[in-house]
Structures are given as structure tokens and as C-alpha cells.
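Worksheet for the structure shown next.
The numbers here are math on the coordinates, done by the rules we state, and not lab data. What you are looking at is a predicted structure, and each value in this text was computed from that prediction instead of being measured. Note that each Cβ is placed from the backbone with ideal geometry, even for glycine, and that neighbours are counted across all protein chains shown.
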Amino acid sequence: MPIHQAKYLISSALVTQCPAPDRPEYAFIGRSNVGKSSLINLITGQKNLAKTSATPGKTQLINHFTVSSGKSGKSKKHDWYLVDLPGYGYAKISLTERARWEKMIADYLTKRTNLSEVFVLIDSRHSPQKVDLEFVSQLEKWKVPFCLVFTKSDKEKPGAVKRHVQEFLDELKKTWQFLPRHFVTSAETKSGKEELVGYIESNNHLLLSSPA
């Protein structure tokens, strides 16, 4: 899926401040320092679209980017929003600030009418973490469509990555009848990029199949 253009649009503190819901929207979220900015830059083919930082918790607002993708031709190009959400599970903030973040994220996830999919990023170097399992369970309760994206697969041996992914899915199997789609990615080796962006483009084709 060729990305023709991707650029920053706006940062919002409230869902009511977000851009008009006039196109498909894909949100990215995960624990702090899971590699979210690097993955967004990989997807869009721009090194510095989303600002990477060694300091967890740097993203504090709902960040919208406009993206144009697809084959050439007016009826085949798709315009959509990519959203960078604050990380969850970051401990080094005040309780007041944590509550504000949690409400902002919850309001966005439950009230954003054009939200097509949430990509929940999971660090593939680790066994299932309670905070990740709790977050995806909350998405399921809210009936928010989501996929799992396991990141940093180049930082661990392939066997360990495969084991950690399976352990996470096995935890979900204990209470879920149907498992969400998942991807295994690396911003360094670019593995998983084509599968992920292809999935987005397939969704866009379904949502925007009629000629403009």
C-alpha cells in the first residue's frame, strides 16, 4: 500500500476537540516505551513523523495525523486519520494526571464515531503483562474493534518471540471465544509492515469503496 502523504494535523486534550469524523481513523496505543512512535514512523515511511523519546509518558494528548494512501487514481486513493494516543500503565505521574489521561483515552475510545480500529501494541520481549491484558479486556467490554501488534521482535530470539505471543493469546483463550487478529513487527527490520498496512488498506477499501 503506497503512502502518498502523511503529516501532523492537531493535538487534542478532549475528544470534542478532535477533527471532524469525516474519514476512517486508526488509533495506536500501548504501554509507555513499547515502540509506538517508531512503528508509526515505519508505517508512514517517515522517520520523524511521530516524535520518539527515551522518556516514557512523553505523549500526553490525542495526536491526529492525516494520511493519503492507496493506488494512483482518484477512486483508489484513500484519506484517513492515524492517531497516536498516550501510553497506559505509566507510573511516574500524579494520580490527578493519571485520572485525566485515563478519562481522555476512555472518552476517545468510546465516543469517537469514525474510529475504525485500535492497534494495541504489546512488547514481544516479555511474557503477558497484567496491564495489557486488562486493557484489551476493557476494549472488548466497550465493543471497540482492535488488533494486537507485537513490537520489537528483533530484540529477542525468534523462539522467545513466538512463545510470548502464544502465551498472550493463550491468556485470552481462557475467557474469549474468538481471538483478535495479531501482527508481529519490528521497526528495525521492517518485518510485519506490509501485513499491517495491507490490513489498513483492506479496511479502507471496504469503508470507502464507492468512487469519490
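A few remarks follow.
- Pairs spanning more than 30 Å between alpha-carbon atoms, out of Lys51/Lys174; Lys51/Lys103; Lys130/Lys152; Lys51/Lys155; Lys152/Lys174; Lys36/Lys111: Lys51/Lys174.
- Cβ-derived FRET efficiency at R0 30 Å, Asn114 paired with Lys141, nearest 0.05: 0.90
- Residues in region 1-27 reached by a label modelled at Lys190 [backbone nitrogen below 18 Å; 7 Å Cα→Cβ]: 1-6
- With 10 Å bins from 0: P(r) over region 3-207, alpha-carbon pairs, percent: 8, 36, 39, 16, 1, 0
- Helix-only [θ]222 nm of the chain, DSSP H runs n ≥ 4, -39500 (n - 2.57) each, per residue, nearest 500: -10500 deg cm²/dmol
- Only alpha carbons enter this Debye calculation for region 129-212, each as an equal point scatterer, and the log10 of I(q)/I(0) it gives at q = 0.12, 0.14, 0.15, 0.20 Å⁻¹ is -0.45, -0.60, -0.68, -1.05.
- Sorted from longest to shortest, the spans of the Cα atoms of region 66-182 along the three principal axes equal 45, 40, 31 Å.
- Residue by residue, region 100-107 carries 3J(HN,Hα) couplings of 5, 4, 4, 5, 4, 5, 4, 4 Hz when phi is fed to the Karplus relation 6.51 cos²θ - 1.76 cosθ + 1.60 (θ = phi - 60°); x denotes Gly or Pro.
- Sites Ser127 and Gln46 - FRET efficiency at Förster radius 25 Å, r taken between beta-carbons, to 0.05: 0.15
- DSSP-loop trypsin sites (Lys or Arg not before Pro) across region 1-51, with at most 11 other Cβ within 10 angstrom: Lys47
- Applying a DSSP loop filter and a limit of 16 other Cβ atoms within 10 Å to the trypsin sites (Lys or Arg not before Pro) in region 143-212 leaves Lys143, Lys174, Arg181, Lys190.
- Of all DSSP beta bridges in region 66-212, antiparallel share, percent nearest 5: 30 percent
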